[in-house]
Amino acid sequence: MNSRSAPPKLKILILSTPVGALGSGLGGGVELTIANLARELRSRGHAIDIIAPTGSELGDLSIIQIPGELQLTAQTQEQAASIVMPGDPVLANMWAKARSIEHHYDIIFNTAFDWLPFYLTPFFDRPIAHFVSMGSQIAAIDLAINRVAIDFPGTIGVCTRTQAETFSFADLCCVVGGNGVDPAVYDYCETPEDSLAWLGRISPEKALEDAVAAADRTGIKLKIMGKIQDPLYWDKIQRDYPHAPIEYLGFLPTHELQQSLRTCRGMLMTPRWVEAFGNVAIEALACGVPIIAYRRGGPAEIITDGKTGFLVEPDSVEGLIAAIDRLDEIDRADCRHAAETVFSQSAWGNLVESWFYQLLDRKHAK
Ligand code: HBI
């Protein structure tokens, strides 16, 4: 498109993660990614449709609901795992639907971290922008992504540079950010109470036990919010720390989540894996809550050490405790400012929108 005319409004088809219905919490950060992106792009005049597993709901967004069996989560499988599809795979059913309606759209936005959408890419007419939401998990999926990165340049989007570097094809990835928050949705809190927060799927790769250990040692109450994805893991943590001052508040919708989050002195992020981004970090910033995180993956690219939180030695509970003692050094207004600028929904919308236009220009140039 020439530089004089305003870029056209797009018809965008978003394909959700197949590990859970939108709103179930099983899709983790991808649920918020889809919700925020759909809202931001619609506010810019683009038309958005979403294909997701049956039972999905996302506020006022219309969703094409597809039946079928949920896909196994990638992060619970080994690097050498074969690609496994259940008998009636919702993933395949979602992509069959996409194939049947693709010509009504200008571009497809894939958020599934699965082999099939990458394998299917050459069979589609419309360009597919792949949002890769995790670092390397399974070699067979990496291979499929690598194939697309080579054959369809520019179509592999990642959240952060460190996430890209978990793949052999890091230089073929486009860093498009992982999410953006609408500051109007979050209530800034200037004067916190003496408590800490931990947010996320309760699953081993998130290492909640380290945050509980820090609460146990400091005696500061830890409010825990998120989906209990691994109940046995959660039971073990409670058995290992019977006297830790922890309170599980459940898997909360954004409004309730931030009412509990905003009054905390700080939020702990303890990823054992390379967190691709860290949606919960920008939600905390929007409330004015500084973040203490392991210097690993996405959070290390979101937090400005000493300004919006602290980055500590990975897997070091001592490091968490030392940083907790320094939380009062952080000006909470700096946290809020980061969410209103760099990590705002509109800043992220600019990144993704220009990514889409680049892919369409490239497609038209062929
Ligand atoms: N696993 N197989 C699979 N597919 C996904 O789309 C997926 C996943 N595990 C986790 C996940 N998506 C999201 O929670 C994270 O990418 C944020």
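The values are calculated or read from the model by the stated rules, or taken from the named source; none is laboratory data. Only a predicted model underlies this, so the values are computations on that prediction, with no experimental measurement involved. Counting neighbours? That spans all protein chains shown, and the Cβs are built from the backbone with ideal geometry, glycine included. Side chains are part of the model used for accessible areas, which takes the heavy atoms of the whole protein and leaves out ligands, DNA and RNA. Shrake-Rupley method; radii C 1.70, N 1.55, O 1.52, S 1.80 Å.
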Inset, instruction - Pop out the ³J(HN,Hα) list for region 317-325 in order, Karplus 6.51 cos²θ - 1.76 cosθ + 1.60 with θ = phi - 60°, rounded to Hz; leave Gly and Pro as x. - result: 5, 4, x, 4, 5, 4, 6, 4, 5
Inset, instruction - Counting only heavy atoms of the protein chains, get the accessible area per residue of the chain (1.4 Å probe) and round it to a whole Å² value. - result: 40 Å²
Legend entry - GluC sites (Glu not before Pro) within region 60-149, DSSP loop, no more than 15 other Cβ atoms inside 10 Å: Glu78
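Going highest first, how would you order 279-288, 159-168 by mean Cβ packing within 10 Å?
Working: 279-288: 27.8, 159-168: 19.9.
Top of the packing list down: 279-288, 159-168.
Carbon and sulfur atoms: what percent of the 1.4 Å accessible area of region 183-340 do they account for? All intermediate terms of the calculation are to be shown ahead of the outcome.
On the way: 3060 of 6180 Å².
Of all accessible area on region 183-340, carbon and sulfur atoms account for 50 percent.
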Inset, instruction - Evaluate the relative contact order of the chain (contact order divided by residue number), counting alpha-carbon pairs under 8 angstrom at least 6 apart; express in whole percent. - result: 15 percent
Legend entry - Estimated vicinal HN-Hα couplings, Hz - region 353-361 in sequence order (Karplus 6.51, -1.76, 1.60; Gly, Pro = x): 4, 6, 4, 4, 5, 4, 5, 5, 4
Inset, instruction - Set Lys and Arg Cβ to +1 and Asp and Glu Cβ to -1, take the dipole of region 228-366 about its Cα centre, and tell me which of Gly250, Asn350, Leu360 lies farthest positive. - result: Leu360
Legend entry - Cα-centre dipole for region 183-340 with unit charges at Cβ (Lys and Arg positive, Asp and Glu negative), debye to 20: 280 debye
Inset, instruction - Express in whole angstrom the spacing between the alpha-carbon centres of region 1-52 and region 299-366. - result: 21 Å
Legend entry - Under the Karplus curve 6.51 cos²θ - 1.76 cosθ + 1.60, θ = phi - 60°, whole-Hz ³J(HN,Hα) for region 49-58, x wherever Gly or Pro sits: 10, 10, 9, 8, x, 3, x, 6, 8, 8
Inset, instruction - Would you please give the residues with an amide H less than 5 Å from that of Gly250, counting only those at least 5 places away or on a separate chain, with H modeled from the backbone geometry? - result: Gly226
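Given a 1.4 Å probe and heavy atoms of the protein chains only, how would you sort Glu313, Glu40, Glu209, largest accessible area at the top? Walk me through the numbers before you get to the answer.
On the way: Glu313 125, Glu40 20, Glu209 50 Å².
So the residues, ranked largest to smallest area, are Glu313, Glu209, Glu40.
Quantify how much of the Cα-Cα distance distribution of region 1-94 extends past 18 Å, in percent. Walk me through the numbers on the way to the answer.
Values: 2274 of 4371 pairs.
It works out to 52 percent of all Cα pairs.
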Inset, instruction - With a 1.4 Å probe and all protein chains in place, put Arg99, Arg265 in order of accessible area, largest first. - result: Arg99, Arg265
Legend entry - Over region 124-249, equivalent-ellipsoid semi-axes from the Cα gyration tensor in Å: 37, 20, 12
Inset, instruction - Taking only the C-alpha atoms, wrap a convex hull around region 237-366 and report its volume per residue in Å³ as a whole number. - result: 148 Å³
